[in-house]
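Any read-out appearing in this document is the output of simple, stated calculations on the displayed coordinates, not a laboratory observation. These numbers come from a predicted model, not from an experiment. All Cβ positions, glycine included, derive from the backbone under ideal geometry; neighbour counts span all protein chains shown.
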Amino acid sequence: CGPPSFAAVDLGASSGRVMVGTAGPGVLELQEVHRFPNRPVRVAGTLYWDVLGLYRGVLDGLRAAGRAVPGGRPASVGIDSWAVDHGLLDASGTLLGNPVHYRDGRTDGAAERAAAVMPPRELYAATGLQHQPFNSLHQLVAARGTSALAAARHLLLIPDLMAYWLTGEMGTELTNASTTQLLDPRTGDWARPVAEAFGVDLALFPPLRRPGDPAGELLAEVLAECGLDGPVPVTAVGSHDTASAVAGVPAEGGRAFAYVATGTWSLAGVELEAPVLTEESRAANFTNELGVDGTVRYLRNIMGLWLLQECLRTWEADGLRPELEALLREAAKAPGLRSVVDASDPVFLPPGRMPERIAEACRRTGQPVPRDPAETVRCVLDSLALAHRRAVADAQRLSGREVEVVHVVGGGARNELLCRLTADACGLPVVAGPAEAAAFGNVLVQARAAGAVHGDLTALRSLLRTTQPLRHHEPMGDRGAWERAEAAVCG
Ligand code: ADP
Ligand code: LRH
């Protein structure tokens with residue numbers, strides 16, 4: 001028989017997918033067996049994830065995976081998703097309400113309330129986490145006093161919740177736990193003084209598990225529902241999608257690299273062995289999230305292709321029938337760097353009429369307002385490339401790690417214009433791909449745990465590099481133009 005196949009569940013903010021990955025020495029293949037939209041729902045003023053709809057997508061995907069793999073069942077299943085969000089469960093393991101979306105306004109003002117409990121400097125020194133209004137800690141501050149939090153006996157991050165429904169076993173996967181602002185990135189254990197100060201009961205979190213650890217087996221009812229023969233083990237992977245995506249960067253050993261994992265968000269930074277907890281790093285809003293194999297993902301969150309997704313949604317609602325590929329072709333011809341916005345500005349965080357918000361940001365900063373959808377798309381892509389440039393430069397300066405190449409992975413790696421602009425803006429070569437880096441990282445960790453592939457992250461990445469098609473972009477154009485654009489955004 002050939003090398004084993006694994007099912008990777010990867011839930012992104014824009015879509016969920018189940019992929020079948022086959023891995024062995026010199027072999028790495030990925031096949032998408034099911035993709036489903038991830039459409040949040042607003043109910044009575046609160047924005048929720050449709051968590052049961054997503055779980056149904058996972059079950060449909062596992063059924064499709066069973067049909068796609070030789071022998072009818074995957075060697076194991078791994079699950080990753082976006083970070084910070086969670087479900088609260090009562091003592092019997094019943095979900096107490098729908099998980100709230102990180103873009104919901106319930107965390108408005110929570111950061112200020114948190115700062116009154118612990119000065120941001122102290123919180124950063126203890127957790128290394130950047131300020132984001134939606135960090136799990138802020139969500140818990142916002143949820144204080146609610147009946148759901150009072151009744152909760154367990155808190156499960158989204159991939160851990162899916163794993164619990166599939167296996168009946170609870171755990172807290174470490175890379176995603178590092179996005180809660182309750183973990184100490186130096187020790188990989190809970191930051192107990194922080195939890196105590198905020199009155200967060202750490203007993204809500206089931207025991208920590210690491211990528212590669214066993215995470216149970218599919219329940220009999222799940223096997224029956226998915227038409228699978230058991231046993232099918234579940235393996236913990238880098239359950240934060242960005243941790244899996246960074247594991248799935250096809251970097252070359254010995255060549256220092258930065259990464260931009262670009263999908264709904266752009267996560268841009270470097271991989272380190274230890275966190276950077278300096279005051280300068282906090283001021284630059286860099287985060288220290290944990291990665292696979294004890295690495296630190298030192299990065300900045302940039303608004304990402306959400307800006308484009310939300311423009312498309314607005315134009316669709318206005319009856320314009322936008323077509324992504326045509327718009328990107330037009331945007332490539334539109335004048336470059338005509339106007340740029342700050343792609344880290346929280347003004348772009350909530351859903352709703354993005355083209356107007358972009359136009360308003362241009363007006364506010366005295367720049368020309370985009371005149372049509374193509375110019376708006378160009379403004380978004382120029383702004384993202386500029387934000388990538390700033391993050392890559394800041395990551396190097398703050399960590400002391402100089403890089404030779406930028407790897408662009410995630411759905412945005414399919415966007416040639418964005419990759420080319422990122423190379424030009426950073427003044428560094430860009431290697432683009434794979435677009436499904438998170439699923440690759442997920443599969444590789446499972447495959448190593450199963451003994452199908454061996455070695456450290458460098459070895460896993462070398463398998464990616466030698467098996468996957470990648471596109472290379474050399475930096476071109478006028479560097480001075482990017483410097484002037486940066487000055488326009490940063491003042
Ligand atoms: P997430 O995991 O956050 O849901 P993805 O990594 O799947 O996001 O990336 C989705 C984004 O990738 C889309 O919003 C779109 O901008 C971009 N994308 C996907 N396919 C293409 C394509 N063929 N050409 C250009 N961009 C693409
Ligand atoms: C990307 C991501 C990112 C988080 C955000 C909430 O999908 O996981 O790393 O900051 O979603």
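From the C-alpha coordinates alone, can you work out the Kirkwood hydrodynamic radius of the stretch 1-129, in Å?
17.5
Which loop-located GluC sites (Glu not before Pro) does the stretch 212-263 contain, where loop means any DSSP state but H, G, I, E or B and the Cβ has at most 15 other Cβ atoms within 10 Å?
Sites meeting the loop and neighbour criteria: Glu252.
Averaging sequence separations of C-alpha pairs under 8 Å and six or more residues apart, then dividing by the length of the chain, give the relative contact order as a whole percent.
Contact order relative to length: 17 percent.
Note down the nm distance, to one decimal, between modelled labels 7 Å out along Cα→Cβ at Leu208 and at Ala450.
2.8
Determine the distance separating the Cα centre of the stretch 136-191 from the Cα centre of the stretch 101-128; give it in Å without decimals.
Spelled out, the Cα-based centre of one part sits 16 Å from the other.
Which percent, nearest 5, of DSSP beta bridges in the chain are antiparallel? Numbers along the way, then the final one.
Values: 49 of 66 bridges.
Of those bridges, close to 75 percent are antiparallel.
Based on the Cα gyration tensor of the stretch 345-419, what are the three equivalent ellipsoid semi-axes, each the root of five times an eigenvalue, rounded to whole Å and given largest first?
Equivalent-ellipsoid dimensions as semi-axes: 27, 16, 12 Å.
What does the extension gain come out to for Arg42 and Ala274, with contour length at 0.36 nm per residue minus their alpha carbon separation? Write out the running numbers ahead of the final one.
Values: separation 232, 0.36 × 232 = 83.52 nm, distance 3.98 nm.
Between Arg42 and Ala274, full extension yields 79.5 nm more.
Suppose a student asked you for the relative contact order of the stretch 288-402, using Cα pairs under 8 Å spaced at least 6 residues apart; what percent would you report? Present the calculation step by step, with values, prior to reporting the outcome.
Numbers: 114 pairs, mean separation 36.0, N = 115.
Computed value for the stretch 288-402: 31 percent relative contact order.
If I model a spin label at Ala91 and Ser15 as a point 7 Å from the Cα along the Cα→Cβ vector, what separation in nanometres do I get?
4.4
Write down the radius of gyration of the chain and its Dmax, each obtained from C-alpha positions, in Å.
In order Rg, Dmax, the Cα atoms of the chain give 21.5, 65 Å.
List the trypsin sites (Lys or Arg not before Pro) within the stretch 97-181 that DSSP assigns to loop and that have no more than 13 neighbouring Cβ atoms inside 10 Å. Could the numbers behind the result be given before it?
On the way: sites: Arg103, Arg106, Arg113, Arg121, Arg144, Arg153; in loops: Arg103, Arg144, Arg153.
Passing sites in the stretch 97-181 are Arg144.
Which order do the peptides 197-208, 12-23 come out in when sorted by mean C-beta neighbours inside 10 angstrom, highest first?
Details: 197-208: 15.4, 12-23: 22.4.
Ranked from most to least packed, the peptides come out as 12-23, 197-208.
Once you have all Cα-Cα distances for the stretch 411-452, histogram them in 10 Å bins from zero and send the whole-percent values.
Percent of pairs per bin, in order: 28, 34, 23, 14, 1.
According to the square roots a ≥ b ≥ c of the eigenvalues of the Cα gyration tensor, what is the shape class of the stretch 195-298, taking rounded for a/c under 1.5, prolate for a/b larger than b/c otherwise, and oblate for the remainder?
It is oblate, given that a/c is not under 1.5 and a/b is not larger than b/c.
Rounded, prolate or oblate: which one fits the stretch 320-361, using the alpha carbon gyration tensor with axes a ≥ b ≥ c (rounded when a/c is under 1.5, else prolate when a/b beats b/c, else oblate)?
Since a/c reaches 1.5 but b/c is at least a/b, the shape of the stretch 320-361 is classed as oblate.
What percentage of all Cα-Cα pairs in the stretch 304-389 are separated by more than 17 Å? Let's see the in-between values first.
Values: 1487 of 3655 pairs.
Of all Cα-Cα pairs in the stretch 304-389, 41 percent lie more than 17 Å apart.
Stick to Cα atoms and the Kirkwood definition of Rh, then tell me Rg/Rh for the stretch 81-199.
Checking Rg against Rh, the ratio lands at 0.95.
Quick one: Cα centre-to-centre distance for the stretch 245-315 and the stretch 349-366, in angstrom?
24
Whole percent per 5 Å bin, from 0 to the bin with the longest distance: what is P(r) over all C-alpha pairs of the stretch 332-491?
2, 8, 15, 17, 17, 14, 10, 7, 4, 3, 1, 0
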